[in-house]
Amino acid sequence: MTERAGHIIVALALALVTGAVTGCTKADGGAEAVRATPSAPATPSPRTIPFELYTHCGIDEARIGSTYFEAETPLSDGSGNPPDGWGNPTQRGTMTLKSGTEAVFTDDAGHEVKFRARPGARAFKHICA
């Protein structure tokens, strides 16, 4: 009988340990277990930084950090210069990073230029002297 009682105690101990390890015990009176689920990645909020846009050969490209961007609609006077009302060789303003691939340049003169990242770019498309 003592050998049988020992087997029962070992079996009960194993059942308790197994239940605790697998999370099957209910300490809250039988409420369903709630599993943690990863939340959806948060959409980064736009970030605005002071920016000096190179305009000498027109408004066509910008480098923000290590990413090269191109203007959705390049601007020039038709002779490879910035349009009237733009500074030359640069225009001071701000660049708002909407996402990793979208940015918008604005300035106090009311200019706005939208830029898109050039995936894989390692240099400007055009070198302006």
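Subtract the Cα-Cα distance of residue 48 and residue 84 from 0.36 nm times their separation in residues, and report this length gain in nm to one decimal. Intermediate values should be presented prior to the final figure.
Details: separation 36, 0.36 × 36 = 12.96 nm, distance 2.53 nm.
Here the segment from residue 48 to residue 84 would lengthen by 10.4 nm.
Taking a point 7 Å out from the Cα of residue 63 in the direction of its Cβ, the residues of region 69-112 whose backbone N falls within less than 13 Å of it are 69.
Stretching residue 125 away from residue 112 to a fully extended chain increases their span by 2.5 nm, per 0.36 nm per residue minus the current alpha-carbon distance.
Any read-out appearing in this document is the output of simple, stated calculations on the displayed coordinates, not a laboratory observation. Given the structure is predicted, the values throughout are model-derived calculations rather than measurements. All Cβ positions, glycine included, derive from the backbone under ideal geometry; neighbour counts span all protein chains shown.
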